[in-house]
1. Give segment 32-52 a look and list any residue that's within 20 Å of Cys264 (Cα to Cα), open to solvent by 20 Å² or more (accessible area, probe 1.4 Å) and without any contact (Cβ under 8 Å) to a residue 60 or more places away in the chain, or say none.
2. Every residue in segment 149-163 that is modelled with pLDDT of 95 or more and open to solvent by 20 Å² or more (accessible area, probe 1.4 Å), please.
3. Which of the residues spanning segment 274-296 are hydrophobic (A, V, I, L, M, F, W, C) and modelled with pLDDT under 85?
4. Select from segment 250-268 the residues that are open to solvent by 10 Å² or more (accessible area, probe 1.4 Å) and within 22 Å of Leu31 (Cβ to Cβ) and write down the one among them that is farthest from the ligand (Cβ to nearest atom).
5. Name the residue that is surrounded by the most Cβ atoms within 10 Å (Cβ to Cβ), counting only residues in segment 53-75 that are in contact with a Gly (Cβ under 9 Å, 6 or more places away or on another chain) and farther than 18 Å from Glu3 by Cβ.
6. Cβ-Cβ below 9 Å, separation at least six or inter-chain, first residue in segment 259-271 and farther than 12 Å from Ser232 by Cα and charged (D, E, K, R), second near the ligand (Cβ under 8 Å from one of its atoms) and assigned to a helix (DSSP H, G or I): which pairs?
7. Within segment 118-140, restricting attention to residues that are free of Cβ contacts under 8 Å to residues at least 40 places away in the same chain and assigned to a helix (DSSP H, G or I), which residue is surrounded by the fewest Cβ atoms within 10 Å (Cβ to Cβ)?
8. Every residue in segment 207-242 that is more than 23 Å from Arg77 (Cβ to Cβ) and away from the ligand (no atom under 16 Å from the Cβ), please.
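The values are calculated or read from the model by the stated rules, or taken from the named source; none is laboratory data. Just so you know, these numbers come straight off a predicted model, no measurement behind them. Every residue, glycine among them, receives a Cβ derived from its backbone with ideal geometry; neighbour counts consider all protein chains shown. Just the protein is used for accessible areas: all its heavy atoms, side chains included, with ligands, DNA and RNA removed. Shrake-Rupley method; radii C 1.70, N 1.55, O 1.52, S 1.80 Å.
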Amino acid sequence: MTEWTPSIDLLQEREDAEWLRVEREFCGRLLAYAHRRVGDHQASEDIVQETLLGAVRGIDDFDRKFTFEQYLFGICRNRTIDHMRRRKARTIQVGEDDDGFPGMEALATQSETPSAIVRGRELGDRAQELLGQILHDWVEETWEQGEFLRLCVIEALFSGGWRNRDTWKRFRLRDETAVAGIKFRALRRLRQLSAVRESGNDLLRFLALAEEGDQRILDLDVRKVWREQRISCPARHWLARLAGGTLPEGPTMFVRFHLDEMKCPWCTANYDDLTNADRQAELMILLEKVQESTKRVLHSKKLPAKPETDESGAES
Ligand SMILES: [Zn+2]
(Lines give C-alpha, C1' and ligand atoms only; values in the text may rest on other atoms or scores of the structure.)
Protein backbone atom coordinates (compact mmCIF):
# COMPACT_ATOMS: atom_id res chain seq x y z
CA MET A 1 0.00 0.00 0.00
CA THR A 2 2.60 2.52 -1.01
CA GLU A 3 1.62 5.94 -2.11
CA TRP A 4 3.68 9.07 -2.20
CA THR A 5 3.19 11.29 0.78
CA PRO A 6 5.02 14.57 1.15
CA SER A 7 7.55 15.27 3.84
CA ILE A 8 5.82 17.56 6.30
CA ASP A 9 9.21 18.89 7.38
CA LEU A 10 10.02 20.00 3.86
CA LEU A 11 6.59 21.53 3.45
CA GLN A 12 7.00 23.44 6.67
CA GLU A 13 10.38 24.65 5.47
CA ARG A 14 8.46 25.89 2.40
CA GLU A 15 10.49 23.87 -0.07
CA ASP A 16 9.21 24.76 -3.53
CA ALA A 17 9.90 21.35 -5.01
CA GLU A 18 7.90 19.54 -2.36
CA TRP A 19 4.97 21.89 -2.75
CA LEU A 20 5.11 21.57 -6.53
CA ARG A 21 4.85 17.84 -6.20
CA VAL A 22 1.94 18.21 -3.77
CA GLU A 23 0.14 20.29 -6.35
CA ARG A 24 0.82 17.83 -9.14
CA GLU A 25 -0.31 14.87 -7.05
CA PHE A 26 -3.41 16.31 -5.43
CA CYS A 27 -4.87 18.89 -7.82
CA GLY A 28 -6.86 16.34 -9.78
CA ARG A 29 -8.58 14.70 -6.83
CA LEU A 30 -9.32 18.04 -5.16
CA LEU A 31 -10.85 19.27 -8.39
CA ALA A 32 -12.93 16.10 -8.67
CA TYR A 33 -14.15 16.54 -5.09
CA ALA A 34 -15.14 20.18 -5.60
CA HIS A 35 -16.60 19.57 -9.02
CA ARG A 36 -18.94 16.89 -7.78
CA ARG A 37 -20.33 19.32 -5.24
CA VAL A 38 -20.46 22.67 -6.95
CA GLY A 39 -20.88 21.52 -10.55
CA ASP A 40 -19.46 24.72 -11.97
CA HIS A 41 -15.99 24.35 -13.41
CA GLN A 42 -14.64 27.83 -12.73
CA ALA A 43 -15.86 27.70 -9.13
CA SER A 44 -14.23 24.29 -8.65
CA GLU A 45 -10.93 25.63 -9.88
CA ASP A 46 -11.16 28.58 -7.52
CA ILE A 47 -11.83 26.19 -4.66
CA VAL A 48 -8.75 24.13 -5.52
CA GLN A 49 -6.63 27.23 -5.69
CA GLU A 50 -7.92 28.48 -2.34
CA THR A 51 -7.42 25.03 -0.85
CA LEU A 52 -3.77 24.90 -1.77
CA LEU A 53 -3.18 28.43 -0.56
CA GLY A 54 -4.88 27.48 2.68
CA ALA A 55 -2.67 24.42 2.90
CA VAL A 56 0.48 26.51 2.58
CA ARG A 57 -0.73 29.00 5.15
CA GLY A 58 -1.78 26.39 7.66
CA ILE A 59 1.10 23.95 7.30
CA ASP A 60 2.90 25.10 10.46
CA ASP A 61 -0.07 23.90 12.49
CA PHE A 62 -0.31 20.55 10.71
CA ASP A 63 -1.35 17.85 13.16
CA ARG A 64 0.70 14.75 12.43
CA LYS A 65 -2.04 12.54 13.75
CA PHE A 66 -3.68 12.93 10.36
CA THR A 67 -2.53 12.14 6.88
CA PHE A 68 -1.63 14.91 4.53
CA GLU A 69 -4.49 13.96 2.24
CA GLN A 70 -6.93 14.25 5.14
CA TYR A 71 -5.53 17.69 5.83
CA LEU A 72 -5.98 18.81 2.23
CA PHE A 73 -9.44 17.33 1.84
CA GLY A 74 -10.49 18.93 5.12
CA ILE A 75 -9.54 22.36 3.80
CA CYS A 76 -11.12 21.61 0.44
CA ARG A 77 -14.34 20.64 2.14
CA ASN A 78 -14.39 23.91 4.08
CA ARG A 79 -13.79 25.93 0.96
CA THR A 80 -16.50 24.03 -0.88
CA ILE A 81 -19.01 24.64 1.88
CA ASP A 82 -18.06 28.32 2.02
CA HIS A 83 -18.67 28.54 -1.67
CA MET A 84 -22.03 26.81 -1.48
CA ARG A 85 -23.12 29.01 1.37
CA ARG A 86 -22.29 32.07 -0.67
CA ARG A 87 -24.28 30.71 -3.53
CA LYS A 88 -27.49 30.49 -1.58
CA ALA A 89 -29.68 29.23 -4.37
CA ARG A 90 -28.07 25.83 -4.15
CA THR A 91 -28.13 25.36 -0.40
CA ILE A 92 -29.83 21.99 -0.71
CA GLN A 93 -26.53 20.56 -1.82
CA VAL A 94 -24.93 21.47 1.48
CA GLY A 95 -27.30 18.99 3.03
CA GLU A 96 -26.49 16.40 0.42
CA ASP A 97 -22.86 16.86 1.09
CA ASP A 98 -23.35 15.51 4.57
CA ASP A 99 -24.12 12.23 2.86
CA GLY A 100 -23.05 10.08 5.68
CA PHE A 101 -19.81 11.63 6.71
CA PRO A 102 -21.07 13.47 9.77
CA GLY A 103 -17.71 13.30 11.46
CA MET A 104 -16.23 15.61 8.91
CA GLU A 105 -18.93 18.14 9.74
CA ALA A 106 -16.69 19.61 12.36
CA LEU A 107 -14.21 20.41 9.64
CA ALA A 108 -16.73 22.86 8.32
CA THR A 109 -16.07 25.12 11.26
CA GLN A 110 -13.52 27.88 11.15
CA SER A 111 -10.41 25.92 11.86
CA GLU A 112 -8.05 25.20 9.03
CA THR A 113 -6.59 22.09 10.58
CA PRO A 114 -8.27 18.75 11.19
CA SER A 115 -7.69 19.08 14.91
CA ALA A 116 -11.12 20.66 15.01
CA ILE A 117 -12.71 17.30 14.36
CA VAL A 118 -12.03 16.20 17.89
CA ARG A 119 -14.99 17.51 19.77
CA GLY A 120 -18.11 16.27 21.40
CA ARG A 121 -16.92 12.68 21.65
CA GLU A 122 -17.22 10.27 24.51
CA LEU A 123 -13.77 8.77 24.60
CA GLY A 124 -10.73 10.71 25.69
CA ASP A 125 -8.06 11.79 23.20
CA ARG A 126 -5.69 8.95 23.82
CA ALA A 127 -8.39 6.29 23.81
CA GLN A 128 -9.81 7.62 20.59
CA GLU A 129 -6.42 7.55 18.95
CA LEU A 130 -5.95 3.96 20.05
CA LEU A 131 -9.39 3.04 18.84
CA GLY A 132 -8.38 4.35 15.44
CA GLN A 133 -5.21 2.30 15.49
CA ILE A 134 -6.86 -0.96 16.41
CA LEU A 135 -9.61 -0.43 13.87
CA HIS A 136 -6.88 0.12 11.28
CA ASP A 137 -5.17 -3.07 12.43
CA TRP A 138 -8.43 -4.95 12.18
CA VAL A 139 -9.18 -3.70 8.66
CA GLU A 140 -5.68 -4.51 7.50
CA GLU A 141 -5.77 -7.99 8.94
CA THR A 142 -9.22 -8.66 7.50
CA TRP A 143 -8.12 -7.39 4.09
CA GLU A 144 -5.03 -9.60 4.16
CA GLN A 145 -7.16 -12.60 5.06
CA GLY A 146 -9.29 -11.88 2.03
CA GLU A 147 -12.42 -11.63 4.18
CA PHE A 148 -14.11 -8.94 2.14
CA LEU A 149 -17.65 -9.89 3.00
CA ARG A 150 -16.78 -9.53 6.68
CA LEU A 151 -15.20 -6.17 5.92
CA CYS A 152 -18.34 -5.01 4.11
CA VAL A 153 -20.57 -6.12 6.98
CA ILE A 154 -18.49 -4.34 9.60
CA GLU A 155 -18.24 -1.23 7.47
CA ALA A 156 -22.03 -1.24 7.08
CA LEU A 157 -22.51 -1.59 10.86
CA PHE A 158 -19.70 0.60 12.13
CA SER A 159 -19.57 3.29 9.51
CA GLY A 160 -22.98 3.16 7.89
CA GLY A 161 -24.83 2.70 11.18
CA TRP A 162 -26.89 -0.05 9.54
CA ARG A 163 -29.07 -2.30 11.67
CA ASN A 164 -28.44 -6.04 11.70
CA ARG A 165 -31.62 -6.63 9.79
CA ASP A 166 -30.74 -4.49 6.78
CA THR A 167 -27.19 -5.77 6.75
CA TRP A 168 -28.34 -9.36 6.70
CA LYS A 169 -30.60 -8.72 3.73
CA ARG A 170 -28.12 -6.68 1.76
CA PHE A 171 -25.42 -9.33 1.98
CA ARG A 172 -27.78 -12.29 1.71
CA LEU A 173 -26.54 -13.84 4.92
CA ARG A 174 -28.28 -16.76 6.55
CA ASP A 175 -30.17 -14.64 9.06
CA GLU A 176 -29.82 -11.79 11.48
CA THR A 177 -27.81 -13.80 13.95
CA ALA A 178 -25.12 -14.27 11.30
CA VAL A 179 -24.64 -10.49 11.35
CA ALA A 180 -24.64 -10.42 15.14
CA GLY A 181 -22.01 -13.15 15.10
CA ILE A 182 -19.74 -11.25 12.74
CA LYS A 183 -20.08 -8.15 14.90
CA PHE A 184 -19.41 -10.05 18.09
CA ARG A 185 -16.27 -11.67 16.71
CA ALA A 186 -15.01 -8.36 15.38
CA LEU A 187 -15.48 -6.67 18.75
CA ARG A 188 -13.74 -9.50 20.52
CA ARG A 189 -10.83 -9.26 18.14
CA LEU A 190 -10.68 -5.51 18.66
CA ARG A 191 -10.42 -6.09 22.37
CA GLN A 192 -7.52 -8.48 21.84
CA LEU A 193 -5.80 -5.98 19.60
CA SER A 194 -6.23 -3.22 22.13
CA ALA A 195 -4.82 -5.39 24.88
CA VAL A 196 -1.72 -5.99 22.76
CA ARG A 197 -1.30 -2.27 22.35
CA GLU A 198 -1.53 -1.81 26.11
CA SER A 199 -4.13 0.81 25.66
CA GLY A 200 -5.13 1.14 29.25
CA ASN A 201 -8.50 0.57 30.75
CA ASP A 202 -10.44 3.28 29.02
CA LEU A 203 -10.67 1.60 25.69
CA LEU A 204 -10.99 -1.94 27.03
CA ARG A 205 -13.95 -0.93 29.16
CA PHE A 206 -15.48 0.76 26.19
CA LEU A 207 -15.08 -2.27 23.95
CA ALA A 208 -16.48 -4.55 26.63
CA LEU A 209 -19.62 -2.41 26.74
CA ALA A 210 -19.92 -2.62 22.97
CA GLU A 211 -19.54 -6.36 23.17
CA GLU A 212 -22.36 -6.52 25.65
CA GLY A 213 -24.52 -4.93 23.03
CA ASP A 214 -24.43 -1.25 23.86
CA GLN A 215 -25.31 0.02 20.39
CA ARG A 216 -24.87 3.64 21.44
CA ILE A 217 -21.15 3.10 21.67
CA LEU A 218 -20.95 1.96 18.10
CA ASP A 219 -23.18 4.78 16.96
CA LEU A 220 -21.10 7.46 18.56
CA ASP A 221 -17.41 6.89 18.80
CA VAL A 222 -16.74 4.00 16.50
CA ARG A 223 -18.68 5.55 13.66
CA LYS A 224 -16.97 8.86 14.11
CA VAL A 225 -13.47 7.43 14.32
CA TRP A 226 -14.13 5.09 11.40
CA ARG A 227 -15.11 7.94 9.14
CA GLU A 228 -12.87 10.71 10.32
CA GLN A 229 -9.78 8.59 10.25
CA ARG A 230 -10.78 6.94 6.99
CA ILE A 231 -10.27 3.56 8.64
CA SER A 232 -11.30 1.47 5.67
CA CYS A 233 -10.40 3.75 2.77
CA PRO A 234 -8.38 1.78 0.24
CA ALA A 235 -5.08 3.28 -0.90
CA ARG A 236 -5.26 5.07 -4.23
CA HIS A 237 -3.56 2.28 -6.12
CA TRP A 238 -6.48 -0.03 -5.34
CA LEU A 239 -8.85 2.54 -6.81
CA ALA A 240 -6.58 2.75 -9.85
CA ARG A 241 -6.84 -1.00 -10.28
CA LEU A 242 -10.60 -0.82 -9.97
CA ALA A 243 -10.66 1.90 -12.62
CA GLY A 244 -8.42 -0.20 -14.83
CA GLY A 245 -10.52 -3.31 -14.35
CA THR A 246 -7.71 -5.36 -12.83
CA LEU A 247 -8.91 -5.53 -9.25
CA PRO A 248 -9.81 -9.05 -8.09
CA GLU A 249 -13.36 -9.91 -7.18
CA GLY A 250 -13.06 -9.75 -3.37
CA PRO A 251 -11.55 -6.28 -3.09
CA THR A 252 -13.84 -5.11 -5.90
CA MET A 253 -16.87 -6.07 -3.85
CA PHE A 254 -15.63 -4.07 -0.90
CA VAL A 255 -14.36 -1.04 -2.80
CA ARG A 256 -17.59 -0.76 -4.81
CA PHE A 257 -19.59 -1.00 -1.59
CA HIS A 258 -17.40 1.69 -0.05
CA LEU A 259 -17.91 3.98 -3.05
CA ASP A 260 -21.51 3.26 -4.05
CA GLU A 261 -23.25 2.55 -0.78
CA MET A 262 -21.08 4.13 1.90
CA LYS A 263 -20.52 7.00 -0.53
CA CYS A 264 -17.09 7.87 0.79
CA PRO A 265 -16.52 11.36 -0.62
CA TRP A 266 -12.73 11.16 -0.49
CA CYS A 267 -12.43 7.88 -2.32
CA THR A 268 -15.03 9.05 -4.81
CA ALA A 269 -12.89 12.11 -5.52
CA ASN A 270 -9.87 9.92 -6.08
CA TYR A 271 -11.81 7.57 -8.28
CA ASP A 272 -13.26 10.43 -10.34
CA ASP A 273 -9.78 11.80 -10.79
CA LEU A 274 -8.44 8.44 -11.92
CA THR A 275 -11.22 7.89 -14.42
CA ASN A 276 -11.08 11.38 -15.90
CA ALA A 277 -8.02 11.04 -18.06
CA ASP A 278 -9.58 13.28 -20.70
CA ARG A 279 -9.42 16.21 -18.32
CA GLN A 280 -5.62 16.23 -18.25
CA ALA A 281 -5.28 19.33 -20.42
CA GLU A 282 -7.60 21.36 -18.22
CA LEU A 283 -5.75 20.13 -15.21
CA MET A 284 -2.40 21.33 -16.54
CA ILE A 285 -3.73 24.84 -16.96
CA LEU A 286 -5.14 24.83 -13.45
CA LEU A 287 -1.88 23.49 -12.11
CA GLU A 288 0.02 26.40 -13.56
CA LYS A 289 -2.33 28.89 -11.96
CA VAL A 290 -2.14 27.13 -8.62
CA GLN A 291 1.63 26.96 -8.70
CA GLU A 292 1.92 30.61 -9.43
CA SER A 293 -0.31 31.65 -6.56
CA THR A 294 1.18 29.31 -3.98
CA LYS A 295 4.67 30.28 -4.98
CA ARG A 296 3.93 33.87 -4.09
CA VAL A 297 2.76 32.85 -0.63
CA LEU A 298 5.67 30.48 -0.15
CA HIS A 299 8.20 33.14 -0.92
CA SER A 300 6.53 35.89 1.00
CA LYS A 301 6.68 33.81 4.17
CA LYS A 302 10.02 32.24 3.56
CA LEU A 303 12.53 32.77 6.28
CA PRO A 304 15.72 34.41 5.05
CA ALA A 305 17.78 31.71 6.75
CA LYS A 306 19.19 30.04 3.66
CA PRO A 307 19.89 31.18 0.13
CA GLU A 308 17.44 30.48 -2.67
CA THR A 309 18.28 27.79 -5.17
CA ASP A 310 14.93 26.80 -6.58
CA GLU A 311 14.75 25.96 -10.24
CA SER A 312 12.97 29.08 -11.38
CA GLY A 313 15.21 31.42 -9.48
CA ALA A 314 12.19 33.57 -8.86
CA GLU A 315 12.07 35.48 -5.67
CA SER A 316 9.32 37.88 -4.85
ZN1 LIG B 1 -12.95 6.06 1.45
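1. Hit for segment 32-52 is Gly39, nothing else.
2. Listed by number, the residues that qualify are Leu149, Arg150.
3. Scanning segment 274-296 gives Ala277, Ala281.
4. So the residue we want is Asp260.
5. Ile75
6. If the second residue must be near the ligand (Cβ under 8 Å from one of its atoms) and assigned to a helix (DSSP H, G or I), no pairs are left.
7. For segment 118-140, the residue satisfying everything is Asp125.
8. Result: Leu207, Ala208, Leu209, Ala210, Glu211, Glu212, Gly213, Asp214, Gln215, Arg216, Ile217, Leu218.
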